Structures are given as C-alpha cells and as structure tokens.
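What follows is a short report on a single structure.
The values are calculated or read from the model by the stated rules, or taken from the named source; none is laboratory data. Quick caveat: nothing in here was measured; it's all calculated off a predicted structure. Don't worry about glycine lacking a Cβ; one is built from the backbone with ideal geometry, like all the others, and counts go over all protein chains shown.
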Amino acid sequence: MEFRELLAAPGPVLLDGGMGTMLQAKGLRPGEGPELAALDHPDWLREIHAAYVAAGTQILFANTFGANREKLRRTGKTVSEVVSASLRVAREAAAGRALVALDIGPIGQLLEPAGLLPFEEAVDIFREVVLAGVEAGADLAVVETMTDLQEARAALLAARENSSLPVMVSLTYEERGRTFLGCGPDSAALTLEGLGADVIGVNCSLGPREMPPLVRELTRWSTLPILVKPNAGLPDPAGGGYDITPEEFAAAMAELTELGVKFYGGCCGTTPEYIARMAKALRGREIREIPRSVPAAVCSGTRAVPIDRVRVIGERINPTGKKLMKEALRKGDMDYMLGQAIAQTEAGADILDVNVGLPGIDEADMMTRVVKALQGVTDAPLQLDSGKPEVLAAALRAYCGKAIVNSVNGEEKTLSAILPLVKKYGAAVVGLTLDENGIPKTVEARLEIARRILDRALALGIPRKDVYIDCLTLTASAEQAGAAQTLEAVERVKKELGLRTVLGVSNISFGLPARPLINQNFLTMALTKGLDLPILNPNADAMMAAVRSFHLLMNIDRDAREFIDAYGQAKVSTTISAASSAPSAAPSSQRSLGQIVEAGLKGEAGAAARTLLETTDPMEIIDGILIPALDRVGAGFESGRIFLPQLLQAAGAAQAAFEVIRERLAGSAGSAAGKGPVILATVRGDIHDIGKNIVRVLLENYGYEVVDLGKDVEPARVVEAARERKAPLVGLSALMTTTLGAMKETISLLRREGVDCRVVVGGAVLTAEYAKEIGADFYARDAKATVDVARQVIR
Amino acid sequence: MNLLKTIPIGEILRYMGCPPDRADPVSQAAAERAAQRILAAAVPRWTWMETSLSPEEDGIRLSSGLLLPGQDLKRHLAGCGSAVLFCATLGAGVDALLRRAASGDLLEALALDCAASAAVEEVCDAIEVALRERWPAKYFPFRYSPGYGDLPLSLQGELLRLLDAPRRVGLTASSSHILLPRKSVTAILGLSDTPVAASSRSCATCPGRDGCLYRKSGGHCGIS
C-alpha cells in the first residue's frame, strides 16, 4: 500500500497516538529526551509502535520529532544516526502493515522576525532531516506541532526541494483559534496549500471536542485533505494528565467524519487504547463529502484578506518620485519604510505594495530585508513589486503567507521566468495587459493579452482565482481617450474572463491641476466597472473616502458601520494629508523653536521649523537653535533635574523639526548634509534595541548622519558598513552578558580589518573597565554621553 | 486564573527612569496609555514543575539530573529540599506590539517596553501567590532567575526544555540565550520546611544592577 492509494481509497485513514507519554510509561526518565529512544531503548519503541499497529494505525510516525541538529546538539548524535535508527525500528514494528512517516517537529527556536533564527538556516536544518529520511526509506513526511507558519513553510520547502515524499503539515492551535504566534487556520491553509502540501491539519493543541471550528476554518480556505491528531482532551489543571477517556475520545473523533476529515490520530496523552477505540468507532463510517469553494484571497502569517470586496493596495513603499524613500533605501533605513507601512495600514490599506528598485542597490537583498522587516511590524499581506525574477524569487521565499506578485505581462520572457515562481511559492499574480509591442490601443487587444496570461497561468496549475489583471492607467493629459478604454477593459476582463482586477489610479491625473479630484473620480468610475484592487495612496483622504462611499452605496458596508466609524466624528478633508506627522497649521503659540524643543512639544516643532526655514538657513537652525536647546535639556538630564522620558520628549520635538529640515536639505544639491556618518548596531545575538534607537535619534538631532544597521547584526556587516561609508565612529550596543562576546568580536574584526574608525560602546551590562578590556575607544553610559563622544570624535 | 489584571503605573515610570512622584504629565500619560495597550496585547501563559534539590560542590542538582551551577543559588536555596521551576511569558503579541512601536515615537516605545517589563513581573507575582497557596505549610525564599548572581543565562534553553515550555506555552531561547518571546521569565522558587531569612531581592541580586541609572547616581530604585 502506498500513501497515494490510502489517500484515494474511501474511508478514514488511521494514524498513531502519543509517543512521549508512552516512553515515560516504559521508564524514560524525566529530563531524558525522547529523541534517542531508537538508539537507547529500541525495544520500548518497537513495542509502542507495534501496539499502535495492532490498534489499527495505518501510518506510523517514526520517533524523529526532535531529530534535528539543534535539538540533538547536546546529545552528540548526528541527525542521520537518529533518523535511520528511528525509521528502522518503526519499519520493523510496522512489518508491512503500516506506512512509516518521517516526523518533523519544531527546531525549538523562533524564526525571524519573532526570533533570531534566519529562515534559510531553518530550511537547511530541515533539509538535513529530509535527506536522512529519504535515505532511510520514509514513505512520507509529516511536519507537525508547528506554531510558527514560517517554520512550517521552511520544513515544507525543505521536503519539496529535497525529496518527492508526500508531505502532511499540521499546526497546533490554542482555544482562541490561533497558534502561539498568532497564525490562524485561514493563513495556514492558504499558505501551505499554495506551497504544495498534500495534507494539512491540526495536532496536539486541544482535545477532539475543540476540533470542529478549526477543521471548518481549514476546509473553508483549502481543498486539501484534512488531518486531525488532538490530545486526550484539555490539560488537567491539577497536574500532568488530560481530561477525557478513550471512549469519549473515540466518539468525538468519529463525529469529525461529518466535517470531511480524512486522517485520524491522537497526540499527547493518547495511547494504543485510544486509537483502538477510535478505530472501532470509525469502522464503517463514511467521510462526508463537503463541496468546498475557497474564495480568492491573500494572507500574511497572521491575517487573511479575501478579495470579496474592494481591497486597497497601498502604493507608498516605492522610491519612484520619492526623495526620502530613495534616501532611506540607499542608507538601508528600515524604520522609514516601516513607518510608511504603519501609516498606510492605519489609513485603511488592506495590502501593501513593496518596490525597492533603485539603481546602485542590490535589489534582491534589499527586497528580502524589507519584506522580513515589514512582516515584523504589520500583518497586512504584501504585494511584491519587481520585474526581475531573481528579486521576486528571493522575496517570495522570505515572505510568510500568500503574497501577490506584481507583475508579469504578455511578454514571453516574463511569463516563462516569473509564473513558475508564482506557482512554486503559491502566490497570486498581477498580469499587465501589455507585451513587447507596448500597451495596445484597443480594448480587444488588451483582453487578448489578459487571456494569454491566464492560459499560461492555468497551464502551470495556478488557479484562475489567483490571476489578477491590470488593464493599465494612462495619463489623461497625454492620452485623453485612454481613460475610457481602461475602464471598458476593466469591465470586460471582469465579465468575460471572470478575473479580479488591479489598477494603479494615481497616474491618471499626472500633469493636470486639482489632481485629487481627478483621481477620486477616476477611482469611483473604475470601482463601478468592477475594479477589485486599486493601488493608491491611502493617506489621501479623498481616495479612501471614495472606497468607503462605494462600499456604503453598494450595500457592502452594512448599516454604514464602517463609514460612520470613519467619518462620524470628523469632517472629510478632500486634500491629501502630509505623510509626516507634522501638522501644516501655524504654531498655536508664540514660543520659539528652542522653547518648543525644550518643552518637548512635538506637535508644534515641525510647523515652527517650517516657518523658520522661510527666513533662516537650514544649517543655522540646526547649529544655532536645535543643538543649543538640546544641550540645555541634556544638562538638565545630567544634573538629575529632568529624567529620561522628558529627554525623549525633547528629542522627539527636535526630530520633528529635523525631519522638516531634512526634507529641505534632501531637496537641495547632494543628500542631507550630515556630520559623520555614525554606524550604529545592536550586536549579533542581541535584540534589545530601544537604547540604540534613543542614541540614534539624539545623534540625528545633533545633525549627525546615522546608519542604523538594526539589531542582531553580524560583525562582518558592521565592518562592511564602516568601511563603505568611511565612518569615523561606530557605536555598538549589547544588553546581555551573553552577547558581550559578540561585541568584542565585532571590535576585533574592525581592528583586524584595519578599518579606520573609533568605537563607542554602551548597554546595561557594560562598564567602563570592560569597554576598555574589549578594545573600545569609548564607553557611553547613556545616549547623552554618546553624543558627547561623537562631538569629540567628529568635528 | 487571571495572571495580569493591572500594571502599576509607578513601576512603569520607574523602569522608564523617572521617579513616580516626580513624573511630568506627558510621561505619566504615556505610561498609562502603554499599560492599557500591553494589557490588551498580553496573553500570559505559564507552566511549572516540582523538582528535588541536591546540593553539590559546584552547584545544585535537580531531579532531572540538570546541574544549576554556581554558589549564589546554592546559598539561596540552603535548607530547601525541593523547589518549583516555572516560566511565564506575555506571548508573541506583545513582541509584535513592541516591534511596531520601535519605528515610531521614542517615548511611546520606551513606555511600552517598560510596561511590558512591569507586566511580566506582575504575572510572576501572581504565579508566586498561587504557588504559595499550593504549599501553605512551606516557607519561600524569593524567586531566583538565571542572570542573578552567578547563575548563568546559558541555562535558559535547558530549563525551558525541562519544562516542555516551547510546546506548552510557546516560550523558547535563542542560541544567544535570550528568551523569546522577549517579555518572559524563568525562575526557581525554593520550598523550605523551616523559616528562611527574610531576604529580599536587592541590588546584589538584581539583574539590572550593572546598568542601573539609580545606582549610578548613588540612589536606589525603591523596590525592596
């Protein structure tokens, strides 16, 4: 019997039950890991497996749950030794009566962005397990008990790329219907089916009675067969046990046939008796066939967004025509991009477009870094925007969830290079209605290209619902007849091909006055023609108002709840709000900028700086007003008259003023004039960055250009940045005794590589003596002291 | 059992580097706002186990065979035949909130970070109350964590493994021994049949002693 036959045969497939508790019952000591049972206690293991086979198990999970190099490190055994021994014992016990699965459990460390383990390292750890499993003759692989969808992705990818084994993937959820890391069954189903899992499911987690809502969610978002392997009820609060009997377990499991579950087993606390009872209860039961129709949707690891109404794609993370974004990309300033992401989602964007294409930067590397950083701060799904296959490949790999690829077009070279990536990573794709001959004039020709793209996608197995067509907006000032053509094309793609439509709307008004008016009207016209996914600036109130009005008028926003929520309190502004937080109104008080900074009045500082810029040179404002004001605040902090929170309020006000000045400087020749630069990093292995961020803002306030490399930074990256930017000063932060070693290593590497820079260090556990011992030039006890060091080094 | 009902604003301000009685209104408001947001984002979870204790020359050995090395803890647990090992976490949602805040306003970011630190202490206090109720006849020295005294942080991973913490509560340690989710604690609470000296956490055992701004200026944070 092969796995595919089991899958195709009608009726339930039986899995096994708990392993850890069974081993402990045999005599495994607490604290003795179960990983080595196949080597240390093969007889126990064989007996347990055999008991499950006797109970009716058709697929045994080999005892390889913890057989990855991270978990085995302390045992001194290799992955290959443990995997081959475990599979051998399971196969002997199966004796041809059951299949044997390579069981792949979590690594035990959190992946980026929740943790520090890089995604590719996780893939490599799983690759080693998969290769050992293939070598040892596993019939299939099971990825189970995952709480991080990204880790499940890593394991599934490793199995797909290094074997032809069927793969079942199962996550473990809490009662609130999410994993510890916040992933729901919706995101899990969309992502894992896209990535090529054969079976998805739920294990461990809860008891069988808690399964129905989770199973219903999985079947709502996926057409794959479902696996369920719950615990023997909920944990008994009094101690280590679980709260339901084998009979109760069996009865509850048998009811899951009504929901269409295909694979049945048990996890913690279940024994061969539970499985035998369950086998009996399932005998002769048919699995109810439930027709499934999965809606078009995209997702992040923690949020699914069905395209069942207008969904706004925020366009702001894109350097085209944006000076500050270009500067941020050149400097690798993630915070700027993260700020843009948060502002757009707060304004109502459902999905964020990400484009980092800029001459002179490594786009694939930058795209990967930006995608990871964005997924750390927002749960909005992303639209990965590049025409380069290598950039899209890197971004799709790093992205947790189901993304949108923007874009392919009718040209053969984009179709053949990009569509296979869309298929491999299970994304949705935007098809532009243009080809090597440009944008067709006629609607019919655009439809023809849309058809060509759709056919190619379908041939590769990309579902119809995941193909979105962009009929392309032409600038009305250049091609006035174009707008009507575009609108008609949207309507026909929707009606004749039944596809979702995307459209960037802001370009329509280029070169005309009163652009917001044109944009808003064009958007409304397009929505009535069936536009699903407008790409726009959500910070523009008029655009979001058009979308919200459309939802209200089309009876999608029931009882106008969302509309009233958005506008019930305030007047609608039809202008575009400033992207920065600085209000455009004149300062309400007559305070000077210096007084405003000292008082920490962030809301007034930007406007005051803007007023001053009309009469005063930008550098003079920095040197003559901001810095003296900050000095006075700093002196108060040093003398204990004011405290850190007030220092930060002043820094925040100075920052708001500085942003206005920086915009002006970025507009003049050259980039922002800054002293330095100063390289800042929290060292490898350390993730505490609030102290470093405070230092950064203070340095920027004092007019220094700061290159912030972020947290958990490899020594080599610090060296590279310091050398490339010819930085006179490098600032390193570490908050843990265990990461001071990485700080020392970073300084040593800077010295060994002969980088001509001074090094200042700080962080809670550092002392002046230790700073000296590890070769730092300066120790700074706080952010203010770091500024003093910078003033000494950089003149 | 509700482990986290409120977060004391005074503690948040203290962690922010501001004596509560001298807080300006803006900082006070930031601390209050941060407390509300952390309360909304936190999903506190914990797990525990009881262990015997056997003192040895180099430290103290648990029933699982794990040696907790160092002299401070051994001294601290003198007279305790057993102990409770526990861990607690505010969950990944708080980390996500802190990451989001890190790219925005500094005062808000600091207040949130400090509110989360105060919250995890609250959770541990609530756990300790529950554990004390469970052993009404016992006496308890204060709870002790890796990083205090000479107990190394490198124990975190082993302690979590023993507690089955990754599976039970989603708590892990990085290869650099940082607990993830960040706002989490592992601790050992001794159980003694005889009264223990009324010792409390002091600067000597405080994990923040080296970087403490209060100590640097010759003062004290006020936590006794």
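Table for the structure above
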read-out	value
Options A:A98, A:A114: the member that is under 16 Å from B:A173 (Cα atoms), surrounded by 24 or more Cβ atoms within 10 Å (Cβ to Cβ) and touching a helix residue (DSSP H, G or I) at 6+ places or on another chain (Cβ under 6 Å)	A:A114
Selection from segment B:50-60 of residues that are among the charged types (D, E, K, R) and away from every other protein chain (no Cβ under 11 Å)	B:E56, B:E57, B:D58
Single condition B:L85 does not satisfy, out of (1) within 13 Å of chain A (Cβ to nearest Cβ); (2) within 30 Å of B:R37 (Cβ to Cβ); (3) in a strand (DSSP E or B); (4) of a type in the set (A, V, I, L, M, F, W, C)	(2)
Residues (surrounded by fewer than 21 Cβ atoms within 10 Å (Cβ to Cβ) and in a helix (DSSP H, G or I)) located in segment A:374-392	A:G376, A:P389, A:E390
Selection status of B:A111, among the small types (G, A, S), within 10 Å of chain A (Cβ to nearest Cβ), assigned to a helix (DSSP H, G or I) and surrounded by 24 or more Cβ atoms within 10 Å (Cβ to Cβ)	yes
Count of residues meeting criterion [under 20 Å from A:L384 (Cβ atoms) and part of a strand (DSSP E or B)] in segment A:419-446	5
Residue ID - surrounded by the fewest Cβ atoms within 10 Å (Cβ to Cβ), chosen from residues in segment A:241-296 that are more than 20 Å from A:T219 (Cα to Cα) and hydroxyl-bearing (S, T, Y)	A:T245
Number of the exception - A:R176 against (1) closer than 24 Å to B:P181 by Cα; (2) buried (at least 20 other Cβ atoms within 10 Å of the Cβ)	(2)
B:D125 vs. criteria within 17 Å of the chain's Cα centre (by Cα), assigned to a helix (DSSP H, G or I) and free of Cβ contacts under 8 Å to residues at least 40 places away in the same chain	yes
Qualifying positions in segment B:151-174 - closer than 14 Å to A:R74 by Cα and within 7 Å of chain A (Cβ to nearest Cβ)	B:S154, B:L162
Qualifying residue in segment A:447-469 (condition: out of contact with any Phe, Trp or Tyr (no Cβ under 8 Å at 6 or more places or on another chain), crowded, with 22+ Cβ neighbours inside 10 Å and more than 19 Å from A:L384 (Cα to Cα))	yes
A:L116 touching a strand residue (DSSP E or B) at 6+ places or on another chain (Cβ under 9 Å) and at pLDDT below 95	yes
Cross-chain or 6+ apart pairs with Cβ under 9 Å, segment A:447-461 first and free of Cβ contacts under 8 Å to residues at least 12 places away in the same chain, then loosely packed, with under 14 Cβ neighbours inside 10 Å and in a helix (DSSP H, G or I)	A:L458/A:R464
B:L73 vs. criteria closer than 30 Å to A:G27 by Cβ, out of contact with any helix residue (DSSP H, G or I) (no Cβ under 9 Å at 6 or more places or on another chain) and not basic (K, R)	no
Test: A:Q344 is more than 14 Å from chain B (Cβ to nearest Cβ), surrounded by 23 or more Cβ atoms within 10 Å (Cβ to Cβ) and out of contact with any helix residue (DSSP H, G or I) (no Cβ under 9 Å at 6 or more places or on another chain)	no
Of all residues in segment A:645-654 being within 33 Å of the chain's Cα centre (by Cα) and at the interface with chain B (Cβ under 7 Å from one of its Cβ atoms), the one that is surrounded by the most Cβ atoms within 10 Å (Cβ to Cβ)	A:L648
Set A:A599, A:A546, A:A542: member being modelled with pLDDT of 85 or more, touching a Lys or Arg at 6+ places or on another chain (Cβ under 9 Å), among the small types (G, A, S) and more than 11 Å from A:A657 (Cα to Cα)	A:A599
Subset of segment A:46-77 that is modelled with pLDDT of 95 or more, over 32 Å from the mean Cα position of the chain (by Cα) and among the β-branched types (V, I, T) - its residue that is farthest from A:A250 (Cα to Cα)	A:I48
Output for segment A:103-128, where each listed residue is more than 13 Å from every other protein chain (Cβ to nearest Cβ), aliphatic (A, V, I, L, M) and either out of contact with any Leu (no Cβ under 7 Å at 6 or more places or on another chain) or under 17 Å from B:P166 (Cα atoms) (or both)	A:I104
Some residue of segment A:713-729 being under 29 Å from the mean Cα position of the chain (by Cα), within 12 Å of chain B (Cβ to nearest Cβ) and of a type in the set (A, V, I, L, M)	no
Members of segment B:25-49 found to be more than 9 Å from chain A (Cβ to nearest Cβ) and among the charged types (D, E, K, R), listed by number	B:E32, B:R33, B:R37
Any helices (runs of 4 or more DSSP H) falling wholly within segment A:634-725 and containing at least 2 residues that are under 18 Å from A:E620 (Cβ atoms) and of a type in the set (A, V, I, L, M, F, W, C)	A:644-667
Filter pass, B:R143 being away from chain A (no Cβ under 14 Å) and in contact with a strand residue (DSSP E or B) (Cβ under 6 Å, 6 or more places away or on another chain)	yes
Options A:V142, A:V134, A:V89, A:V82: the member that is surrounded by 23 or more Cβ atoms within 10 Å (Cβ to Cβ), under 26 Å from A:A188 (Cα atoms) and of a type outside the set (G, A, S)	A:V142
In segment A:308-330, the residues that are more than 22 Å from A:L392 (Cα to Cα) and either touching a residue at least 40 places away in the same chain (Cβ under 8 Å) or buried (at least 19 other Cβ atoms within 10 Å of the Cβ) (or both)	A:R309, A:V310, A:R311, A:K323, A:L324, A:E327
Helices (runs of 4 or more DSSP H) contained entirely in segment B:1-79, each with at least 2 residues that are loosely packed, with under 14 Cβ neighbours inside 10 Å and not hydroxyl-bearing (S, T, Y)	B:25-41
Given (1) more than 11 Å from chain A (Cβ to nearest Cβ); (2) surrounded by fewer than 20 Cβ atoms within 10 Å (Cβ to Cβ); (3) in contact with a strand residue (DSSP E or B) (Cβ under 8 Å, 6 or more places away or on another chain); (4) of a type in the set (D, E, K, R), number of the condition B:D125 does not satisfy	(3)
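Listed here are the residues, each with its yes/no results for (1) surrounded by fewer than 20 Cβ atoms within 10 Å (Cβ to Cβ); (2) assigned to a loop (DSSP other than H, G, I, E, B).
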position: A:M1; (1), (2): yes, yes
position: A:E5; (1), (2): yes, no
position: A:G17; (1), (2): no, yes
position: A:M22; (1), (2): no, no
position: A:R29; (1), (2): yes, yes
position: A:A37; (1), (2): no, no
position: A:D43; (1), (2): yes, no
position: A:R46; (1), (2): yes, no
position: A:H49; (1), (2): no, no
